[in-house]
Amino acid sequence: MKLGLTLPLIACLCFSFSCMAGNDKQDDRNQSRNQGAKHEQRRLVVNSPVQAVAMAQRQYRGKVLSVQSSGSGYRVKILNNDGQVFSVSVDAATGRVSRN
């Protein structure tokens, strides 16, 4: 009778451990993806629209009208003291600011 219960119990335990090992592998993959995303963010000089505006205003004085995310960074629209409206690109990877 004891042998009859022991076999199913062993099978159940083996199955449970194999599921747990599968979860560990999935956790490792998720952790590695997250570390890659964090590494990518650390490589960027400009990580937010607020930073892009600050960098643009250091080089070009005026009132910021808008800021938009672009493919490689941000585009900041500025109204200067002479009433001219112009756009400035801020490269997220390098922090380079250039007037369009």
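The values are calculated or read from the model by the stated rules, or taken from the named source; none is laboratory data. For clarity, every value in this text was computed on a predicted model and none was experimentally measured. Please note: Cβ atoms are built from the backbone with ideal geometry, for glycine as well, and neighbour counts cover all protein chains shown. Calculation scope for accessible area: heavy atoms of the full protein, side chains included, ligands and nucleic acids excluded. Shrake-Rupley method; radii C 1.70, N 1.55, O 1.52, S 1.80 Å.
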Total residues in the stretch 43-77, condition open to solvent by less than 80 Å² (accessible area, probe 1.4 Å) and out of contact with any Leu (no Cβ under 7 Å at 6 or more places or on another chain): 21
Residue tally, condition open to solvent by 60 Å² or more (accessible area, probe 1.4 Å) and not β-branched (Val, Ile, Thr), over the stretch 78-93: 3
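Restricting the search to the stretch 43-76, which residues are assigned to a strand (DSSP E or B) and under 24 Å from the mean Cα position of the chain (by Cα)?
Within the stretch 43-76, the subset assigned to a strand (DSSP E or B) is 63-70, 73-76.
Listed by number, the residues that qualify are SER66, VAL67, GLN68, SER69, SER70, GLY73, TYR74, ARG75, VAL76.
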